[in-house]
Every structure is written in structure tokens, then in C-alpha cells.
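The values are calculated or read from the model by the stated rules, or taken from the named source; none is laboratory data. Computed from a predicted model, the values in this text were never measured in an experiment. All Cβ positions, glycine included, derive from the backbone under ideal geometry; neighbour counts span all protein chains shown.
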Amino acid sequence: MFKLARRTLLSLGLAAFAFPALAVEMGDDGLHKTAWQRDTFKDLREDLAEANAEGKRLLVMVEQRGCIYCTKMHEEVYPDPEITKMIEDNFFVIQINMFGDVEVTDFDGESLPEKDMVQKWGALFTPTNLYFPEEVAEDVSAKDAAVATVPGAFGKLTTYNMMQWVLGHGYEGEEPFQKYHARQVVMQQEQGKLKVGE
């Protein structure tokens with residue numbers, strides 16, 4: 001019995017080393033780092049131009065060190081193959097540290113350290129995801145330019161559907177996100193794609 005238990009523990013320990021892709025990398029700033037996040041000068045107008053050049057939508061993720069909800073997103077939601085593909089194929093992602101000191105230049109031209117820019121935008125929770133249109137007027141701040149601002153952690157279905165809604169310009173139509181999401185959940189369950197609770 002003891003040998004079997006020891007062998008099982010050893011097997012589980014070896015299995016953990018066999019799947020390093022499941023581990024989420026952490027940066028020196030204590031934030032989760034992924035291959036699909038971009039390292040830019042954090043000039044949102046330049047980032048938007050680059051996103052457009054690649055045929056992608058600009059997405060700004062506000063996160064902070066020690067955020068358990070950011071961890072949930074990075075360990076349980078973003079690694080889902082469909083969501084990872086959705087992000088890689090369609091979004092140009094910039095990460096902002098809620099309490100960071102790196103300078104950020106807003107669409108309106110104002111430059112502030114991350115922590116001050118987050119205050120200007122009124123982001124109170126992490127994670128907060130801000131999705132942007134393809135064009136933003138010169139005198140508009142990111143807070144006002146965002147077509148969707150999503151504060152907090154959500155499950156796979158909500159995250160996937162939000163990204164689809166943004167890509168499909170759902171914010172320009174008459175169907176609000178919640179109605180779109182409810183309709184998509186039923187369809188996705190019937191197709192056996194993403195399941196509720198995931």
C-alpha cells in the first residue's frame with residue numbers, strides 16, 4: 001500500500017514537469033505574462049495604428065500584482081484553446097500595471113505613469129479590460145473611446161462572447177451584450193462548443 005501511494009505521488013510529481021505549458025509566467029512586476037501580450041511604448045495611438053496594420057483590435061488589460069482574479073483569468077480562462085486562438089488571431093493586447101510607473105500616452109495625448117492613467121480612466125478593479133474601436137478621435141481619452149469596459153474576472157463563455165461581440169461591432173447595433181450573450185450561450189451549448197461553467 002505504501003509503495004503504491006509513493007509510486008502515485010512520484011507519478012504525479014513527474015507529470016507536473018511534463019506539462020510546463022500549464023504554468024503561467026510571472027514578470028518582475030508581479031504580473032502574468034503571455035506570448036500574446038505586446039511590449040510597446042504604451043502610446044495608445046501608436047498601439048492602435050499597429051493593431052489596425054495587423055488587422056486586429058486593440059485591447060488594454062489593467063492588472064495588478066497579487067490579483068487573484070487576474071490569476072483566475074490567466075490560469076483558467078485565457079489558456080482555453082478557443083480563447084487563446086481568438087486573442088492571438090484578433091487582438092493586439094497591451095498590459096497596464098494598476099500601480100506601475102511606466103509612462104502611458106493616452107489617445108488624447110496626455111502622458112502619465114500607469115498608476116495615474118488608471119486613475120484618470122476610473123478603473124477600480126483588476127482585471128479591467130478595455131476594448132477599442134478601429135478609429136479614435138484626437139481629443140478623446142481611452143475611458144471614453146472604449147467600446148466595452150469589462151471590470152472583473154468572468155468565465156470562458158462570457159469572455160469568448162464578449163470578444164466575439166466586439167469583433168462583430170455588436171456595440172453599434174441594438175442588441176446589448178447581455179442579450180447577445182444569452183443567445184450565444186444557448187447556441188454554443190447546442191453545438192457542444194463551450195460549456196456553461198467553463
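Annotations for the structure displayed:
- Filter result for Thr159 (of a type in the set (Val, Ile, Thr), under 14 Å from the mean Cα position of the chain (by Cα) and either at pLDDT below 95 or in a loop (DSSP other than H, G, I, E, B) (or both)): no
- The residue that is nearest to Phe132 (Cα to Cα), among those in segment 143-154 that are of a type in the set (Gly, Ala, Ser) and buried (at least 18 other Cβ atoms within 10 Å of the Cβ), is Ala146.
- Residue satisfying all of: in segment 64-82; hydrophobic (A, V, I, L, M, F, W, C) and in contact (Cβ under 8 Å) with a residue 40 or more places away in the chain; surrounded by the most Cβ atoms within 10 Å (Cβ to Cβ) among these: Met73
- Checking each residue in segment 83-108 for being surrounded by fewer than 15 Cβ atoms within 10 Å (Cβ to Cβ) and touching a residue at least 40 places away in the same chain (Cβ under 8 Å) picks out Glu88, Val102, Glu103.
- Residue check, Glu50 out of contact with any helix residue (DSSP H, G or I) (no Cβ under 6 Å at 6 or more places or on another chain) and more than 30 Å from His169 (Cβ to Cβ): no
- Criterion: under 22 Å from Asn90 (Cβ atoms), surrounded by fewer than 18 Cβ atoms within 10 Å (Cβ to Cβ) and either among the hydrophobic types (A, V, I, L, M, F, W, C) or modelled with pLDDT under 95 (or both) - qualifying residue of Gln191, Gln164, Gln184: Gln191
- From the list Phe41, Phe99, Phe92, the lone residue that is assigned to a strand (DSSP E or B) and of a type in the set (Phe, Trp, Tyr) is Phe92.
- Identity of the residue in segment 120-146, in a loop (DSSP other than H, G, I, E, B) and among the aromatic types (Phe, Trp, Tyr), that ends up farthest from Glu172 (Cα to Cα): Phe125
- Subset of segment 119-142 (residues that are touching an Asp or Glu at 6+ places or on another chain (Cβ under 7 Å), surrounded by 15 or more Cβ atoms within 10 Å (Cβ to Cβ) and under 19 Å from Asn52 (Cα atoms)): Ser141, Ala142
- Among the conditions (1) under 13 Å from the mean Cα position of the chain (by Cα); (2) part of a loop (DSSP other than H, G, I, E, B), Met73 misses just one, which is (2).
- Residue within segment 111-118 that is outside any loop (DSSP other than H, G, I, E, B), surrounded by fewer than 20 Cβ atoms within 10 Å (Cβ to Cβ) and small (Gly, Ala, Ser) present: yes
- Options Glu63, Glu46, Glu54, Glu25: the member that is modelled with pLDDT of 95 or more, under 13 Å from Gln95 (Cβ atoms) and acidic (Asp, Glu): Glu63
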